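Undergrad: Take a look at the following structure, please.
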Amino acid sequence: MTSGWYLLIIPGLIWGASFLFIAEALRSIGPNGVTFVRICIGFATLAFFPAARKPVERSDWAAVVWLGILWFAFPLSMFPFAEQRVSSALTGMLNGANPLFATLVASLIARCAPSHGVAVGLAVGIGGAVLMALPAMSEGRSSAIGIAMILAALVSYGIALNLARSLQQKYGAVPVIWRAQAVGLVLTAPLGFPDLEAAHWTAAPLLSLLALGVFGTAIANVVMASAAGRFGAARASSTTFLIPVVALVLGVAVRGEQVAPLSLVGGAVCLVGAWLMKRASG
């Protein structure tokens, strides 16, 4: 690991485990509380990193506010509600489509069609996402709503990642993320506090929520920023390929979740699409 490959592996492992942590935390606290507390812990953890306090110009704060909504408050609120309806394994597997949505949004913003190779990867990946979602969609209205929430979160992530690119190039990732988390914290507090007051804690959910905040909402972002600085953003993004695999293994092994064979096939197809897209884009 002396070559620094651990910087590419650690974020994928942490973010893949985050869906298990969400499911475990929901045993003690409501979904709005999960989102509020994880952002609160993540914000407090990032405060210990001097890089987070690098100044950001006032003219860029409007974009930071949008990031607080699109990167934290909205998508992180969707996942706990979704996991009340579908498994943590499927939620994590669908997150393998995140690069696809980011690329689609980038093409729409640029008003430029992607290259042929990228378009092929997108088509394959989206087909895989559809295959993953089909079994849950057929299970009833509740599961369908859960899938819709996950897809809405992925669209939000896609917009946020494109919005964040110029800010991160200007200031670095950590100062931007820390301030966006502050916005997310304020926005999620009104609904999060009631869930926090009504929580009934046991050891496993509490430790899961602490891990979700410290590692999933803070440390993984710091490591990802280090990886981007060392290897470049495109290569560092390969860590996302680990997320669906880790989520699947932990969901099945720890929580005994069952995943439909068609969803497993779809997950593999989605990863192939993301890989084709990444290879085509260099």
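Undergrad: Give the number of residues within the stretch 188-232 that are assigned to a helix (DSSP H, G or I), among the hydrophobic types (A, V, I, L, M, F, W, C) and over 16 Å from the mean Cα position of the chain (by Cα).
TA: 12
Undergrad: Which of the residues belonging to the stretch 126-148 are under 17 Å from the mean Cα position of the chain (by Cα) and either of a type in the set (D, E) or surrounded by 22 or more Cβ atoms within 10 Å (Cβ to Cβ) (or both)? So that I can check it myself, show each step before the final result.
TA: We begin by selecting, within the stretch 126-148, every residue under 17 Å from the mean Cα position of the chain (by Cα); these are 129, 146-148.
Of everything in the stretch 126-148, those that are under 17 Å from the mean Cα position of the chain (by Cα) and either of a type in the set (D, E) or surrounded by 22 or more Cβ atoms within 10 Å (Cβ to Cβ) (or both) turn out to be A129, G146, I147.
Undergrad: Now a separate question. Pairs, please: C-beta under 6 Å, at least 6 apart or cross-chain, first residue among the aromatic types (F, W, Y) and in the stretch 99-117, second part of a helix (DSSP H, G or I)?
TA: These pairs meet every condition: F101/L154; F101/V155; F101/G158.
Let's see how each residue does on (1) touching a Phe, Trp or Tyr at 6+ places or on another chain (Cβ under 6 Å); (2) part of a helix (DSSP H, G or I); (3) of a type in the set (F, W, Y):
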| site | (1), (2), (3) |
| --- | --- |
| G4 | no, no, no |
| L13 | no, yes, no |
| F21 | no, yes, yes |
| T35 | no, yes, no |
| V64 | no, yes, no |
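Undergrad: Tell me which of these V86 doesn't satisfy, since it passes every other one: (1) among the hydrophobic types (A, V, I, L, M, F, W, C); (2) surrounded by 22 or more Cβ atoms within 10 Å (Cβ to Cβ); (3) assigned to a helix (DSSP H, G or I).
TA: Going through the list (1) among the hydrophobic types (A, V, I, L, M, F, W, C); (2) surrounded by 22 or more Cβ atoms within 10 Å (Cβ to Cβ); (3) assigned to a helix (DSSP H, G or I), V86 breaks only (3).
Undergrad: Limited to the stretch 91-116, what total is found for residues that are over 23 Å from the mean Cα position of the chain (by Cα), assigned to a helix (DSSP H, G or I) and closer than 22 Å to L163 by Cβ?
TA: 1
Undergrad: In the set A144, A148, A119, A153, which member is under 30 Å from R58 (Cβ atoms), hydrophobic (A, V, I, L, M, F, W, C) and either in contact with a Cys (Cβ under 8 Å, 6 or more places away or on another chain) or assigned to a helix (DSSP H, G or I) (or both)?
TA: Just one listed residue meets the conditions, A153.
Undergrad: Does L185 satisfy being farther than 21 Å from M93 by Cα, buried (at least 17 other Cβ atoms within 10 Å of the Cβ) and either in contact with a Phe, Trp or Tyr (Cβ under 7 Å, 6 or more places away or on another chain) or of a type in the set (G, A, S) (or both)?
TA: Criteria met by L185.
For every residue, the table says whether it meets (1) modelled with pLDDT under 95; (2) in contact with a Leu (Cβ under 6 Å, 6 or more places away or on another chain); (3) crowded, with 22+ Cβ neighbours inside 10 Å.
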residue: F74; (1), (2), (3): no, no, no
residue: L94; (1), (2), (3): yes, no, yes
residue: R111; (1), (2), (3): yes, no, no
residue: A119; (1), (2), (3): yes, no, no
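Undergrad: Return only the number of the condition from (1) touching a helix residue (DSSP H, G or I) at 6+ places or on another chain (Cβ under 7 Å); (2) among the acidic types (D, E); (3) farther than 23 Å from N98 by Cβ that E57 does not satisfy.
TA: (1)
Undergrad: Now for a different question. Cβ-Cβ below 6 Å, separation at least six or inter-chain, first residue in the stretch 57-71 and within 14 Å of G158 (Cα to Cα), second hydroxyl-bearing (S, T, Y) and assigned to a helix (DSSP H, G or I): which pairs?
TA: Listed pairs, sorted by first residue: L70/S156.
Undergrad: While we're looking at this one, here's another question. Is it the case, given these coordinates, that A82 is under 20 Å from the mean Cα position of the chain (by Cα) and touching a residue at least 40 places away in the same chain (Cβ under 8 Å)? Don't jump to the end; show me each part of the working.
TA: Details: under 20 Å from the mean Cα position of the chain (by Cα): yes; touching a residue at least 40 places away in the same chain (Cβ under 8 Å): yes.
Answer is yes for this residue.
Undergrad: If you don't mind, there's one more thing I want to ask. Considering every residue within the stretch 239-249, establish whether at least one is surrounded by 20 or more Cβ atoms within 10 Å (Cβ to Cβ) and closer than 17 Å to F43 by Cβ.
TA: no
Undergrad: Here is a further query. Of the residues that sit in the stretch 16-46 and are surrounded by fewer than 24 Cβ atoms within 10 Å (Cβ to Cβ) and either among the charged types (D, E, K, R) or modelled with pLDDT under 95 (or both), which one is farthest from the chain's Cα centre (by Cα)?
TA: Checked the stretch 16-46; the qualifying residue farthest from the chain's Cα centre (by Cα) is R27.
The values are calculated or read from the model by the stated rules, or taken from the named source; none is laboratory data. Remember, predicted model here, so these are calculated numbers, not experimental data. Positions of Cβ are backbone-derived with ideal geometry, glycine not excepted, and every protein chain shown enters the neighbour counts.
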